[in-house]
Amino acid sequence: MPKHVETVFLDRDGVLNEKMPEGRYVTSWEEFKPLPGVAQAIGSLNRMGIRVIVVSNQRGVALGRMTNAGVEAIHARFQDLLRASGAHIDAFYFCPHDKEGCDCRKPKPGLFLQAIRDFPEIQTETSIFIGDSLSDIEAGRNFGMATVLILGNAEGRRPEWEEARKLADASFASLPEAVELLVP
């Protein structure tokens, strides 16, 4: 783990909000259920001067279950909720594509490259990627960042979670626990 953290990249579903069952997608604000303590954890990162960026695969767009504008509307409402708690996300990036045909679907680097284009001061050696899946951990590792796996509840874990746990630099039950122990 970096001694000095400047940027924390976060996956969305399963890290910030409840993950839908496999094959289902958060398609509206009403389905977006923030996890306990997430706003406070993000606020802690903000107060420490750490940049917070969300990078998320949103395959439901490619499948026609939601639109880019719908995803952006969910992010805007979440940002409003965070602001009411004295917190904020610096930027949201998402991949709206299906499993093939783009460079932005994690574990590919496109979302990180977009973030670096917008925030050229980002350095991988002072960044951490926090996610809840093997593709998240692979994405962070592929991009040279320290990685943290959020374990969440046992029922929601994907079959490859044990492999992800072995690859990750650290694992925690939740984002608030990770923030508390990683960046005190």
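FYI, it's all coordinate maths here, none of it is from the lab. Values in this document were obtained by computation on a predicted structure and should not be read as measured data. Cβ placement follows ideal geometry from the backbone for every residue including glycine, while neighbour counts extend to all protein chains displayed.
For R117, the criteria (1) surrounded by 14 or more Cβ atoms within 10 Å (Cβ to Cβ); (2) under 19 Å from V54 (Cα atoms); (3) of a type in the set (K, R) hold in every case but one, which is (1). Annotation note: of G144, G152, G140, G131, the sole residue that is surrounded by fewer than 15 Cβ atoms within 10 Å (Cβ to Cβ) and out of contact with any His (no Cβ under 9 Å at 6 or more places or on another chain) is G144. Just one of the listed residues (R47, R24, R83, R59) is touching a residue at least 40 places away in the same chain (Cβ under 8 Å) and either at negative phi or touching a helix residue (DSSP H, G or I) at 6+ places or on another chain (Cβ under 6 Å) (or both), and it is R59.
For the stretch 88-112, which residues satisfy the criterion of being without any contact (Cβ under 8 Å) to a residue 12 or more places away in the chain and over 15 Å from the mean Cα position of the chain (by Cα)? It would help to see each step written out before you state the result.
Looking only at the stretch 88-112, we keep the residues that are without any contact (Cβ under 8 Å) to a residue 12 or more places away in the chain, and these are 100-104.
Scanning the stretch 88-112 gives E100, G101, C102, D103.
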